[in-house]
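Take a look at the structure below.
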Amino acid sequence: MLTITTHTKTIDASPDNTMAIFTTEEDLKTDTFTIPKNISNIINDINLDGFRGRKATSLFVPLKRNPMIIIIGLGKKKDITIEGLRNAGAKVTHECRLHRIHTVHIIPPVISGLEQVSVEYAIAEGVYLSNYDFDIYKTKKEDAPGLLKKVIIHSDDKKASTKSLNDLAIISENVLQCRNMINDTSDKTTPDHIARYAKKLSSIKGVSCKVYGGKDIEKMGMGLFMAVSRGSSNPPKLVVLKYRGNSKSEKWAAIIGKGITFDSGGINLKPSKSIEDMRMDMAGAAGCMYTLKSVAELGIKKNLIAVLPLCENMVSGNSYKPGDVFKAYNGKTVEIGNTDAEGRLILADALAFTEDRLKPSLMVDMATLTGACLISFGEIVAGLLTENDKIADKLFNSGERTGDRLWRLPLYEDYAEDIKSDIADINNISSSRHAGTIIGATFLKNFVKKTPWAHIDIAGTAWISKKRGYRTKYATGYGIRLLCDFIKNVDF
Ligand code: BES
Ligand code: MG
Ligand code: ZN
């Protein structure tokens, strides 16, 4: 685990003290660097020809008798953003790992218009989140450059900085653990495995956990959830985690996460190139679970529930089939147009169950629901669908603040036309090929009665095909930073 500490602005002049400093294109022209006074002379001896301070560029300067220096470019002053600073933090990790450095002093830049604690936080966040490998199955680890172990942030306001960096470490560590759970194989991360882990979270102050098995799920009338899970020999689990952060309030927010631990597509089997990564189809559930864990560890004074429907979508003699009809928890009947549109089925039952039994004041579900979302937004932003403008604004703002960004799509009533069924109340797929992400949300809308609700489609953002700044390849841990910020800031 990476340790982050704060320090006031002095540093020993030793090559062991690698130091990261930052510069803009403008400041580089006048040699203006933020650097501890006692060693500020060394910068004069460095040849900076060829380094322009452009965004996401870096220069490693090995020095004898002085700290090694990593100079990170921030680009033009007017273009600097918090997200840009996170990516600058990722550059620090990159340079340190490349040169096998395990401890680094960071001298955060002063940027006009941005608070110093936010600048420090963003850079440290970028360092923390990029300092990650998923290598538990590699038997030879020597070749890979090791991870950074210690980061010392130099700050004038040690007290404010320490508090904010403690929170950062809690959230970031949970993001990395969440990535581990998503990246791990479906053979290991079964519904039972996740449910057992959820149970363990009850050791955190204020957290309790209930796990329902297949028989309970069946008895409660979740016919859609049962239909999806019945093709697998790994039985389904429904996890309900609660964190009571405010004992004076009876109001709860609920987050509901799609937990398909492997999505083969079922009888509508996915082809090669679509199926290989489908162990990631539980990223919504993992994101919700680690959000609750973070909120509890941060001691946020809000009441939060996480509901996780967990199962596999598999092919067997017992699988559910296209053309079948099943009854949902809320009594509605659903014709199966396609067994690969399974996420909306388990979420439909989970949403109806959550509203009916747990009576939250607010519901947000997060799901790797549609390939169409990836087509629309790529790997950069998630889809947001809700009829509630207040929740939409709050979520959007949390997305902008944290970098877990999302963008709203409409949920007009007219779309309901396309999921009509001839033999049941609704079909789980559209009669057309259009608007896949909106159709997914339109289906879910049928299972929410009156509770303010938002749906977040993370099919594009939960898992990425290459490293992007501080987001490492494959599982990103999307949604934890978003939902922690949202829960902190929303009234319910
Ligand atoms: N888990 C997939 C969605 C997905 C696709 C997530 C790509 C991540 C990357 C989901 O269960 C699915 O298969 N959706 C279908 C729905 C269709 C049959 C209506 C899809 O998007 O093709
Ligand atoms: Mg599917
Ligand atoms: Zn799926």
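The values are calculated or read from the model by the stated rules, or taken from the named source; none is laboratory data. Here the structure is a predicted model, which is why all the values come from computation and not from measurement. With ideal geometry, Cβ positions are generated from the backbone for all residues, glycine too; neighbour counts draw on all protein chains shown. In case anyone asks, the SASA skips ligands and DNA or RNA and just uses the protein heavy atoms, side chains included. Shrake-Rupley method; radii C 1.70, N 1.55, O 1.52, S 1.80 Å.
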Item to check | In sequence order, calculated HN-Hα J values of region 197-206 (Karplus, 6.51, -1.76, 1.60; Hz; x Gly/Pro) | outcome: 5, 4, 4, 5, 5, 5, 6, 7, 3, x
Next on the checklist: Under 5 Å between amide hydrogens, which residues at least 5 positions from ALA382 or on another chain qualify, with H placed 1.01 Å from N in the peptide plane?
Outcome noted: ARG405, LEU406, TRP407
Checklist outcome for this item: Note, ASP143: beta-carbon cut-off 14 Å, +1 each Lys/Arg, -1 each Asp/Glu, net +2
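If you look for lysine pairs in region 247-337 that are eight or more places apart or on different chains, how many of them have Cα atoms under 12 Å apart?
On the way: LYS248/LYS301; LYS248/LYS302; LYS251/LYS301; LYS251/LYS302.
Value for region 247-337: 4.
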Checklist entry - Based on the mean of other beta carbon atoms within 10 Å per residue, what is the order of 163-175, 412-424, most packed first? => result 163-175, 412-424
Checklist entry - How many Å² of accessible area per residue for region 373-420, probe 1.4 Å? => result 55
Next on the checklist: If packing is taken as the average count of other Cβ atoms within 10 Å, what order do 70-78, 18-26, 315-323 fall into, highest mean first?
Outcome noted: 18-26, 70-78, 315-323
Checklist entry - How many angstrom lie between the C-alpha centres of region 382-440 and region 313-357? => result 18
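By its C-alpha gyration tensor, with a ≥ b ≥ c as the square roots of the eigenvalues, how is region 177-489 shaped: rounded for a/c under 1.5, else prolate for a/b larger than b/c, else oblate? Mind showing how you got there, number by number?
Values: a/c = 1.26, a/b = 1.23, b/c = 1.03.
Verdict is rounded for region 177-489.
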Checklist entry - At a 1.4 Å probe, what is the % contribution of carbon and sulfur to the accessible area of the chain? => result 50
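Kindly work out what percent of the DSSP beta bridges joining two residues of the chain are antiparallel, to the nearest 5. Provide the component values of the computation, followed by the final result.
On the way: 29 of 68 bridges.
Of the beta bridges lying entirely in the chain, close to 45 percent run antiparallel.
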Item to check | Residues whose placed amide H lies under 5 Å from that of GLY245, excluding near-sequence neighbours | outcome: LYS302, ASN303, LEU304
Next on the checklist: Once you place label points 7 Å from the Cα toward the Cβ at ASP277 and ALA392, how far apart are they in nm?
Outcome noted: 2.9
Checklist entry - Roughly how many Å² is the accessible area per residue of region 275-371, as a whole number, for a 1.4 Å probe? => result 26
Checklist entry - Distance from the Cα centre of region 291-312 to that of region 50-94, in angstrom? => result 36
Item to check | Restraint check, LYS150/LYS473; LYS91/LYS466; LYS141/LYS473, Cα-Cα greater than 21 Å | outcome: LYS150/LYS473
Checklist entry - Which ³J(HN,Hα) values in Hz, rounded to whole numbers, follow from the phi angles of region 83-88 under the Karplus curve 6.51 cos²θ - 1.76 cosθ + 1.60, where θ = phi - 60° and Gly and Pro get x? => result 4, x, 5, 4, 5, 5
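Please work out whether region 429-483 counts as rounded, prolate or oblate from its C-alpha gyration tensor, where a ≥ b ≥ c are the square roots of the eigenvalues and a/c under 1.5 means rounded, while otherwise a/b larger than b/c means prolate and anything else oblate? Display every interim value, and only then the final one.
Values: a/c = 4.54, a/b = 1.64, b/c = 2.77.
Since a/c reaches 1.5 but b/c is at least a/b, the shape of region 429-483 is classed as oblate.
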Next on the checklist: For the pair ALA416/SER233, report the inter-label distance in nm, with labels modelled 7 Å from Cα in the Cβ direction.
Outcome noted: 4.4
Next on the checklist: Can you compute 3J(HN,Hα) from phi for each residue in region 266-277, using the Karplus curve 6.51 cos²θ - 1.76 cosθ + 1.60 with θ = phi - 60°, rounded to whole Hz and x for Gly and Pro?
Outcome noted: x, 4, 7, 4, 6, x, 4, 6, 10, 9, 4, 9
Checklist entry - Which order, highest average first, do 485-491, 434-440, 155-161, 470-476 follow once you tally other Cβ atoms within 10 Å for each residue and take the mean per peptide? => result 470-476, 434-440, 485-491, 155-161
Next on the checklist: Could you check the spin-label model distance between SER361 and ARG54? Points 7 Å from the Cα along Cα→Cβ, value in nm.
Outcome noted: 5.1
Checklist entry - Residues with amide H under 5 Å of HIS105's amide H, sequence separation 5 or more or different chain, H placed in the peptide plane at 1.01 Å from N; which? => result THR18, MET19, ALA20, ILE152
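Please work out how much length the chain gains when fully extended from ASN318 to SER432, using 0.36 nm per residue of separation minus the C-alpha to C-alpha distance, in nm with one decimal.
Values: separation 114, 0.36 × 114 = 41.04 nm, distance 2.87 nm.
Extra length available between ASN318 and SER432 comes to 38.2 nm.
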